[in-house]
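Quick one: the structure is below, and I'll ask about it shortly.
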Amino acid sequence: MGENERIAALEARISKLEKRLAKSNSYNPNRVYVCSVKPFQKLFEASGKNEWEARRAVRTACNAETSAMFCEDSAIRCEKYE
């Protein structure tokens, strides 16, 4: 299989995946996740296009100002907005 054929096959697979995503209810380009953690009286919040991104951002902000033990995943709460 030549490089052009390989690229064409990959583009066809990507196109199929994009169509499947568009048809499914799980795809929403307007979806945003907001995560927060409140060690002591200071609230840290961050948002992202997926939960992982939002969690990472809030953890980073929290770690910058407090001990990492107060910024653990179990303490972080996330909300999904459509």
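Within the chain, what percent of beta bridges assigned by DSSP are antiparallel, to the nearest 5?
100 percent
If you don't mind, another one. Please give every one of the aspartates and glutamates within straight-line cross-link reach of LYS16, meaning a C-alpha to C-alpha distance under 17 Å, and leave out same-chain neighbours fewer than 8 residues apart.
Qualifying aspartates and glutamates at Cα under 17 Å: GLU5.
With only alpha-carbon pairs counted, each pair once and no self-pairs, how large is the Kirkwood hydrodynamic radius of the chain in angstroms?
15.1 Å
May I pose another question? Tell me the mean residue ellipticity at 222 nm calculated for the chain from its helices only (DSSP H runs of n ≥ 4, each -39500 (n - 2.57), averaged over every residue, nearest 500).
It lands at -15000 deg cm²/dmol.
If r is the Cβ-Cβ distance from PHE40 to GLU82 and R0 is 41 Å, what FRET efficiency results, to the nearest 0.05?
0.80
Let me ask something else. Per residue of region 62-73, in order, report the coupling 6.51 cos²θ - 1.76 cosθ + 1.60 (Karplus, θ = phi - 60°) as ³J(HN,Hα) in whole Hz, putting x for Gly and Pro.
Working through the residues one at a time gives 5, 4, 5, 10, 9, 6, 4, 5, 8, 10, 6, 3 Hz.
Right, here's the next one. Quote the relative contact order of the chain in percent (integer), defining contacts as alpha-carbon pairs under 8 Å separated by 6+ residues.
Rounded, it is 29 percent for the chain.
For LYS80, go through the lysines and keep the ones whose alpha-carbon is under 21 Å away, minus same-chain ones fewer than eight residues off.
LYS23, LYS38, LYS49
With +1 on each Lys and Arg Cβ and -1 on each Asp and Glu Cβ, and nothing else charged, work out how big the dipole of the chain is about its Cα centre, in Debye to the nearest 20.
240 debye
Read the figures in this text as sums done on the coordinates, not as results from a lab. Being a predicted model, the structure only gives us computed values, none of them experimental. Don't worry about glycine lacking a Cβ; one is built from the backbone with ideal geometry, like all the others, and counts go over all protein chains shown.
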